[in-house]
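See below for the structure under consideration.
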């Protein structure tokens, strides 16, 4: 099943945006996120492809769902990702998978284009050097990403949980950290402005959305739900402002675990976020 609104196979070469699933969860503690990409695609067909706010039929965005990038090991995932996406020239959306899949995506993007900034929406900072003796755990992904792009090129949004080790890194001041508490009320606009400035200050941008950035009442189907998270409206608003301002060339939506979900709510909201990202890409292009 393809994501709703995708071009048909014979028109794939006309696509300006591409969707790829990454059904991989070997770096998570609770398994099931490898089923996330299929669940998001299926959930997309429970939503209208016409977006009310934008008055846009999403198929106008001309995107193609290329299916899944599969690898038996994390080591092979980067190679497979390059092989599948290397010739595609448009903007990309990846459906996870656990959050560790962001690392090969960023590595691939950096190899192609040079300087990359990463904006990660996540309840957790994921800055551990190792977790359960695994340096590539989803709890370590932003630490590994920082080794590729530099701490100064990372912004993390919606944070409300970290270890003592990770807090020491935060205190060093090299990262841009926005706790979930500062995105509330009047703070939301200020955070949006600062993230827009960060995104627009040179280089290309990869946007990573870990679904646990949302409050568990919106996204219960995640490995590590954390109370007091962002609302769906707050998240979509921030994503729109970032894409409007910066050169976002790729995004991922990760950590949907259908085994933990309630009434497919997390999958449905993840599909909604993908629709909004596609609309934002289309609007940016339309505005020139």
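Nearest 5 is fine: what % of DSSP beta bridges in the chain come out antiparallel, could you say? Please report the intermediate quantities before stating the final value.
Working: 3 of 39 bridges.
Here the antiparallel bridges make up roughly 10 percent for the chain.
Cα gyration tensor of region 108-218, axes a ≥ b ≥ c as square roots of the eigenvalues: rounded (a/c below 1.5), prolate (a/b > b/c) or oblate?
Details: a/c = 1.61, a/b = 1.06, b/c = 1.52.
Oblate, since a/c reaches 1.5 and b/c is not below a/b.
Its alpha carbons considered, the chain gives a radius of gyration followed by a Dmax of 17.2, 53 Å. Debye-formula intensities of region 50-179, expressed as log10 I(q)/I(0) at q = 0.14 Å⁻¹, are -0.72 (one equal scatterer per alpha-carbon, no solvent). Using the average count of surrounding beta-carbon atoms within 10 Å as a protection proxy, the listed peptides 31-37, 57-63, 190-196, 7-13 rank, highest first, as 31-37, 57-63, 190-196, 7-13.
Would region 1-109 count as rounded, prolate or oblate if I go by the C-alpha gyration tensor, calling it rounded below 1.5 in a/c and otherwise prolate when a/b exceeds b/c, oblate otherwise? Oblate is the answer for region 1-109, as a/c is 1.5 or above yet b/c matches or exceeds a/b.
Mean projected area of the convex hull spanned by the Cα atoms of region 129-288, taken over all viewing directions: 9.8 nm².
Each of 72, 51 was scored by other Cβ atoms within 10 Å of its Cβ. Arranged with the fewest first, they read 72, 51.
Let me have the relative contact order for the chain, percent, based on Cα pairs under 8 Å that are six or more residues apart. Present the calculation step by step, with values, prior to reporting the outcome.
Working: 609 pairs, mean separation 64.3, N = 288.
Once normalised by length, the contact order is 22 percent.
Entry note: region 49-91 has Rg to Rh equal to 1.18, where both radii use alpha-carbon atoms and Rh is the Kirkwood radius.
What's the whole-number percent of alpha carbon pairs in region 159-251 lying beyond 21 angstrom? Walk me through the numbers before you get to the answer.
Values: 1616 of 4278 pairs.
Roughly 38 percent, rounded to a whole number.
Report the FRET efficiency, 1/(1 + (r/R0)^6), for residue 10 and residue 164, where r is their Cβ-Cβ distance and R0 is 45 Å, rounded to 0.05. All intermediate terms of the calculation are to be shown ahead of the outcome.
Numbers: r = 55 Å, r/R0 = 1.23.
The value I calculate is 0.20.
No value in this document is a laboratory result; all are computed from the given coordinates. Since this is a predicted model, take the numbers as computed values, not measurements. In this analysis, Cβ positions are derived from the backbone assuming ideal geometry, glycine residues included, and neighbour counts consider all displayed protein chains.
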